[in-house]
1. Taking segment 160-240, which GluC sites (Glu not before Pro) meet the DSSP loop condition and have no more than 11 other C-beta atoms within 10 Å?
2. Could you work out Rg/(2.2 N^0.38 Å) for segment 114-166, with Rg from alpha carbons only?
3. Which order do Leu37, Leu10 take by accessible area at a 1.4 Å probe, largest first?
4. Counting only protein heavy atoms and using a 1.4 Å probe, what share of the accessible area of the chain belongs to carbon plus sulfur, as a whole percent?
5. Aspartates and glutamates near Lys80 by alpha-carbon distance under 18 Å, same-chain residues fewer than 8 away left out - which ones?
6. Pairs of Cα atoms under 8 Å, at least six residues apart: use those to get the relative contact order of the chain, whole percent.
7. Just how many % of Cα pairs in segment 1-56 lie over 18 Å apart, if you round to the nearest whole percent?
8. Any idea what the alpha-carbon Rg over 2.2 N^0.38 Å comes to for segment 182-282?
Amino acid sequence: MQVTTVGLDLAKDVFQIHGVTTDGTVLFNRSVRRAQLLPFFEKLPPCLVGMEACGSSHHWAREISKLGHEVRLMPAFYVKPYVKRGKTDAVDAAAICEAVTRPTIHARHKYAKHLEFFEAGATYRERCFMAANRVGKTLGAGGFETAAHLTGEYPHWWNGRRFEKPVKWWAAGRTNETTRDIVQATLLGQVTRDGRKHFDGTGVIPGERLGDVTWKQGVSDLVDTIKVRHASGGWSTLGFKSYQQGRGSFEGTSQHGIWLDEEPPLDVYGECLIRTATTDGIIMLTFTPLAGMSEVVMGFLPAEMRPQADS
């Protein structure tokens, strides 16, 4: 019997792998250490591999695809209905294996709001993906689109804004720490050290596209700027900032695009508009409106949804 479908439960060091045949017979459900993962898949015949989408899943999807396998990523909430008993790594891997075989699980129409957000970029300079937590704002919307513009690599179905040449881009979060731990990790992956400090390539930007790095002073492992190889052959420049640094840190050079993850203060947002004005650049906001009906939130709401002032 030959394995045809594999569910891969990702982790930092020890991964769980569940494999079945065409008729659903389980051939293995075992743990594999990080260094053994790719050699394990090298020995398998070409098969369908499912994973839950997360920061490192894009890296592993690329690497496993190179070995001849078809890799599909799924949001965790699509896998949850297939968890049959108490949550363990083995149970999760089995659930991923089952979910990835469902015929409609990967249909893009299930992500209507994401596709609407991308398409709006072809028309509007300012866009806001305002939604609840854990629906894919950071990874699936802001992070994905930022990576596409920096690399110049767009999926075949893309109908949003395109940049044919290298771009200058900023990505920002609320504090230095959240910018590093969320925004930077989403785009670049984790910082690693093996003789020199660099990234492990597990972010949405492929590791082989990353170039020279400058690091911020006074904040451990936070990037100031990094070069990203563009499909045209040149180098895009990505800079990281935080609202904690204040409006003044957003002054200076013009940018082709800015991604603001979490709601920015109004003065910071205003400065970002100035930075993108001369380039006809774009600004993307991705956040949950935890501060209520702020001026930034109200600016993106249709008139009929805004609270009416007392007469």
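The values are calculated or read from the model by the stated rules, or taken from the named source; none is laboratory data. Just so we're clear, the structure is a prediction, and the values are computed from it rather than from any experiment. Cβ placement follows ideal geometry from the backbone for every residue including glycine, while neighbour counts extend to all protein chains displayed. Just the protein is used for accessible areas: all its heavy atoms, side chains included, with ligands, DNA and RNA removed. Shrake-Rupley method; radii C 1.70, N 1.55, O 1.52, S 1.80 Å.
1. Sites meeting the loop and neighbour criteria: Glu164.
2. With N residues counted in segment 114-166, Rg over 2.2 N^0.38 Å equals 1.11.
3. Largest accessible area first, the list is Leu10, Leu37.
4. Of the solvent-accessible surface of the chain, carbon and sulfur hold 51 percent.
5. Leaving aside aspartates and glutamates fewer than 8 places away in the same chain, those within reach of Lys80 are Asp9, Glu52, Asp89, Asp92, Glu98.
6. Reported as a whole number, the value is 15 percent.
7. Everything past 18 Å amounts to 28 percent.
8. Values: Rg = 14.3 Å, N = 101, 2.2 N^0.38 = 12.7 Å.
Cα Rg divided by the expected 2.2 N^0.38 Å: 1.13.
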